[in-house]
Every structure is written in structure tokens, then in C-alpha cells.
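Here is the structure we will look at.
Read-outs throughout are calculated quantities, based only on the coordinates presented, and are distinct from any laboratory measurement. These figures come from a predicted structure and were not determined experimentally. Here the Cβ positions follow ideal geometry from the backbone for every residue, glycine too, while neighbour counts run over all protein chains shown.
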DNA sequence: TCGTTTGGCACAATCGATTGTGTAAAGTAA
DNA sequence: TTACTTTACACAATCGATTGTGCCAAACGA
């Protein structure tokens, strides 16, 4: 900047204001400055700018890890949305460790980020370290693994809706005895998916039969066992909603091993849209978790908070509507089949209602 | 810092030097400062520090995208290694677009990162934008998708070795007619995997038969077609090395559809260790790409460059040794089977030789 | 022509930490 | 006691950009 100022015989003030389009600089001077800046390929020093202004163009992300299908996709969504808004992201992994999570927050604080996006580590039971952010007025948004309560800003998937939609789909395909391969019920996501399943049964007037629900850790092998158990029962199910794709996969493999056909004898739906669900034979019907949209929604919320700049802001919880991906493992009447077409109305966010708040 | 200085009745100089363990500060004073800093929960402002010192504790990453199996894992490795060394990472996606890649570099420059890790976008043919980094003395390391030449620092997987190891494994399992489902040969990775395949054949004294090589875009459907073609030939193969797991998957499905057994009739090996390779029936033998190690190796190299601090540094290319994961799709004699046990010697980096340099 | 407005720009302080240089006090040797 | 070294700390400049305030001159109205 000093060079530019010297060359044009003006002060650095003028340069700075010309570049930031300040009203007190004449258009002629602005042109000259801009041209010279381009010529010299001037790169503003963001550090200096952020130091002086007290706000950087950086957002902090704290995730348990960057692996698997879910978090990378969310991060992808976050980075895209942030970058569009002129922000960059600095990523931290907590490795499912509260202590590391705390350290990450400190680091982000000292990096003077403009806001923080957090998905909680599995071991986080105490949330005091987030108060530090709050006390410094640093905007904070949780996603997926969130702090419960309605005084936080958060974005989650509406798992209950997901369980409901998947189950209703099976019902529409003619299933009347629908089993549920459930996950650990101390985890909200699995509890909610199960509730959605029950909702759909009730709505259709089908009986809620606990013998049709098998609880697993949602790994393939346990699902195989669960399915074997279900098929051994006198009145075997004609449909299965698994609360996770690994569950659905195990179920499908066992069904086929016993010589039954999917979906004709047993229709199957999973949850999560794991990569492998498109390569199985038949491909698995599943629920997409809108990972990217979750990231984008979280960034939108965070940017609102940043723009509010400390002014009172009513905390908001957003629940994303999951998307049913109908594939071959569940389609009996070959009528409707949307492979991956997204309905426009599913793109919008669902503002939290009493039901969605329960999720949080 | 000013608060601490006031409370202790010393200058900020003393505070700063006490915190950074400067020799000219007495141990007594250091203790006092440290204690007070802890008490007030003092967080240094990294921006100010970086501004003054001219170097931040940030590393920049530019990847085509953060999705799929590969890049997230590499990023995972990068973040872990960087964080251990006291650095944080700021992530940018080029979306396979050179213009975006250029913009990302500019942003990282203006963020005053200490170094940059890059995996090229697919559309990058012109590498002048990297010269800008060089001219500013900013350390730069490429990984996976790298700039060719021996005047760059880069970390890659030894794809040729991977092709060789996979093929040799099939030979050891008794295969004598081994087909190759190849990928687009204008991409180095596929070219090298094919070369490794040929190397293994030659070493074993098996004929190189072009009719056993089918070129595809490495998608499942084309692999199915390729396999059908191979099986229709008068002298069908008894083993298949696919240059990608989607190819292996398609091949396996077609083999099974024709009533043949995997691995007894046709043994199969893939490449990439995609998530689904463990859930297929049988599970797929494949080559792991050492994603995490690649990230770690890249960071190590970058840190060396940073520490060299402008002093002459001989550019180095590192080739990681791929790891063969033997699974059920290829094991005929049930003798050896290492599911995922890593041999210690595979952990080390292989410094580039003439062969590996060809890769780059 | 005089007074007033306003457009266009410079001065200088500031953000928070770092560092070369200066200096007083304490310690050491002769 | 004198001369010299070492220890321990303060002063003040600095990194690069931003911004409140102040000033000059041209333009304007009467």
C-alpha cells in the first residue's frame, strides 16, 4: 500500500479508502488506485485488516473427525457457502475428545475467527467451554450433534420425519408387517427414527408390534443376526426399515441368503445414503441426510448472527427435511420411482416447530 | 497483555518475553507472568503476532473438492499432522476449476499462510499461478495430483507399485490368465497402474496379452460390459485386476451373474479401498491408497520447507508405498490372509528413485 | 464579492504483539 | 574502590491496514 501511495503521490489513507470504495474519495482517484493496484498485483494483508477491524474473514469449524460420508459432505457445504460469502474456513478435529474440543475453541478464539460452527464430540457432557465464546460475543452455531435446549442456534436433520417417510413409503409399496432394525436408543438420532417409524404405522392403522423391532448397534453383522431372527418368526415381516444403511445391507444379505427376494418378498429401506447403497444388488432405498444443505444452512445462520453483530438475536433451531431416495430394494409396483430427483420444495428449510424442537 | 503488564507493574515487553520464554527474563518474573496469564485466561492474539512476525501458524490447503473417500481422508491426515505441529489449516476447494484455484491461492496469500498444500484441479494446464507463491518465498507442496517435474515438492502414491503388487498377488493365488480393467490412459494414475500390472506379468513370465486389457472410464456399468466381453472370449481369464474398485465391483457382479464363482473361477482385485469393498459378497481385495499417510507426509515435507525458511532446499518427490488388502474376492488357498494388518515397513516413506520420479 | 457548503484528501492514532537497542542495578574480578 | 560484565527490564519502532478528525480549495448562493 505504501508503494501505491508513493507512486500516486497520495497518502495511504486515500489508497485504503479508494480500495474499499469510501465515499470521500473521488471517482477519478478511485480509478487510478484500482488500476495501479491491479498492475502491481496488490494483495491486501488480511491479518492487518482483521487486526485493525477486530474481525477476520475466517470461520472456525470443529468436527469430531473428517472421515466417512457425513462430515466431509457437511464441511463441503460449509466451505462452499462460506466462500461465496467471502469467508474462509479453518478446520479443527476434536477426535471425539472434549479436551481437544476445548483446545480447538481456544485456538479459534486466538485466531480471531468471526464465528464458529460446532458438531459436538461424543464425549462432551459439559458445555461450559462454549460459554467462553458467548462471553466474548462470538457467534456460534451447532450442527448435527448439538447442545440441547432452545437458547442455542442449531441445524439438525429431522430424523423423525425421515423414519416416518421411509416407513410410509414401505406401506405404500404394500408392506403390512414392517420390521424395524433399530440403533442404540440413547442416541437421539436412532430414537427419533424409531419414533418416525411408529408414527407411520399408527397413521396407517397398522399395529405397533415390539416383536418386530430389533435393537442393534447398527453394524452389518448384527443386522444379519437380527434379520435371521425376524425371518425365523412364525409371521415373518414383508418389509424392513433399518435406522442405518449398514443395517439395511445386513438385512438384505440375510434375506437373499435365505432364498427370499428383495423387494418382492421383503422390501427394504435404510437410512443415511451411504455410498455403497447404489452399488448393492438391488440398490438400497434410503434416506438422504442433506449433508451439504446442513452445512449451508449452518453457515447461513452463522452469517445472520455475525451480521446481527451482538444485537439481540432470538436463537433458532432449524430442522432439515430428509429426502427419501427410492431405489430397487423397495419398489414393488413399478409405478413411481424417483432415483435421485430432488423436489424443489424439499430444498427449503423447515423452521422449528414444537416437534422439531424435541429433536434438539 | 496490557492488563497483565499493568497489574504486575512491568512493561508489555516483559510480558511478551516471559510468555515466549525469552532468555532475558528472570525465572521469578516468568512464573508470575505465567500464573497471571492463566488466571486471566489470557489468549494471545494470533493475528497481531503473525502480523508482527510476518508468519502465521496457518497452512493453506487447496483441493478439488471435499467429498468421496480420498480427499477427506487426506485432509484428515493433514489436519492431524499440522495440529500436532502447532499449525491450523484453512481449506479451499477449487471445484476442479483453475480460476477458482487461482483465486484460492490469492486468498491464502492474503491470509499470510505459512505454507500451502495443493492437489491440482482437473482443468489446470497452466502452472504460472504457482510461481507467484514461489516468488514470495511461500513453501509449496503438491500431493496426489501434482505438477510434473523434479523441481517441485510433491507426495504421491506409487500407483505402479500398486498395480504390481495387486497383480503379483493374483499370480500367487494361482491365476495364469489375468485380465486388466484399465482406466483412461491419459490419467497418470491409470497409466501407472497398468504398467505395474504388466511389470508383474513380465516378472512371472506370463505373456502380455492386449486382448486381456479392456479400457473403461472406471465406472461400474462399463466394467460389467468389459467383464462380459472378457468372459465371452474363448479363453476366459481366471483373474481380474481392475484399476479401480468400481471396476472390480462391476466385474465381480458380472462374473457372479454368469454363475461363476469368485474367487474360485475368477479371482478379483481392485484399487482404492473404497468403503463398499468390505461389504460386498465376497469382500473385495484392493489396494489402499494411504490417504492419511499422504496427508501426513505432505505436512512433514511442508514443515521442512518452512523451517528451511528460504534457504536452498533440494526439491523432493515422495512416493508412498501402497498397501495390498487381501480380502475374499481373491483368496484361493486359504493360507495367508491379512485382513488389514499393516506391516511396519510399509509405514515408511519411499524416497523417490528413477522409477518413482517417472510417476511425477 | 463575501460567506458557506462540500468534495477530496492528509494526519495521526490505533489494533496487539514483537524486537533491537538502551540502561540501571547487581554481581565479579582485580 | 574501580572497571567491567551480566542480568533484567523498559523504550519505542514496527508489522499493514483502518478511521475519526481536520484542513484546504473549489463551487455555490446571494
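A compact table of results
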{"read-out": "Shielding by partners - mean other protein chain Cβ count within 10 Å, residues of A:72-80", "value": "5"}
{"read-out": "Degrees separating the helix A:98-110 axis from the principal Cα axis of chain A, which is the longest one", "value": "20 degrees"}
{"read-out": "Antiparallel bridges, percent of DSSP beta bridges restricted to chain A (to nearest 5)", "value": "15 percent"}
{"read-out": "Equivalent ellipsoid dimensions for chain A as semi-axes, Å, which come from the Cα gyration tensor, largest first", "value": "50, 21, 17"}
{"read-out": "For B:76, A:186, B:180, order by how many other beta-carbon atoms lie within 10 Å, fewest first", "value": "A:186, B:76, B:180"}
{"read-out": "Residue A:136 versus residue A:187: modelled label distance in nm, points set 7 Å from Cα along the beta carbon direction", "value": "3.2 nm"}
{"read-out": "Relative contact order of chain A, defined on C-alpha pairs under 8 angstrom at six or more residues apart (%)", "value": "16 percent"}
{"read-out": "Label spacing, shortest first and in nm, from residue A:52 to its equivalents in the remaining copies (7 angstrom along Cα→Cβ)", "value": "1.9"}
{"read-out": "In degrees, nearest ten, helix B:245-257 long axis to first principal axis of chain B (Cα)", "value": "30 degrees"}
{"read-out": "Two-site label geometry, residue A:203 and residue B:1: point separation in nm, points 7 Å out along Cα→Cβ", "value": "6.0 nm"}
{"read-out": "Cα gyration tensor, the stretch A:56-209 - rounded (a/c under 1.5), prolate or oblate", "value": "prolate"}
{"read-out": "Among beta bridges that DSSP assigns inside the protein assembly as shown, antiparallel share in %, nearest 5", "value": "20 percent"}
{"read-out": "FRET efficiency for residue A:41 and residue B:219, using Cβ-Cβ distance with R0 set to 56 Å, rounded to 0.05", "value": "0.85"}
{"read-out": "Sorted largest first, extent of the stretch B:2-44 alpha carbons per principal axis (Å)", "value": "24, 17, 16"}
{"read-out": "Per-residue [θ]222 nm for the protein assembly as shown (sum of -39500 (n - 2.57) over DSSP H runs n ≥ 4, rounded to 500)", "value": "-13000 deg cm²/dmol"}
{"read-out": "Between the stretch B:85-101 and the stretch A:264-282, the alpha-carbon center distance in angstrom", "value": "34 Å"}
{"read-out": "Label point 7 Å beyond Cα along the C-beta direction, distances from residue A:278 to other copies (nm, shortest first)", "value": "2.2"}
{"read-out": "Per-bin percent of Cα-Cα distances, the protein assembly as shown [20 Å]", "value": "15, 43, 33, 9, 0"}
{"read-out": "Packing-based exposure ordering (other Cβ within 10 Å, fewest first) of A:24, A:110", "value": "A:24, A:110"}
{"read-out": "At R0 = 41 Å, FRET efficiency that the Cβ-Cβ distance of residue B:233 and residue A:264 yields, to 0.05", "value": "0.70"}
{"read-out": "Which of A:203, A:101 has the fewest Cβ neighbours within 10 Å, and the rest in rising order", "value": "A:203, A:101"}
{"read-out": "Relative contact order of the stretch B:2-44, defined on C-alpha pairs under 8 angstrom at six or more residues apart (%)", "value": "32 percent"}
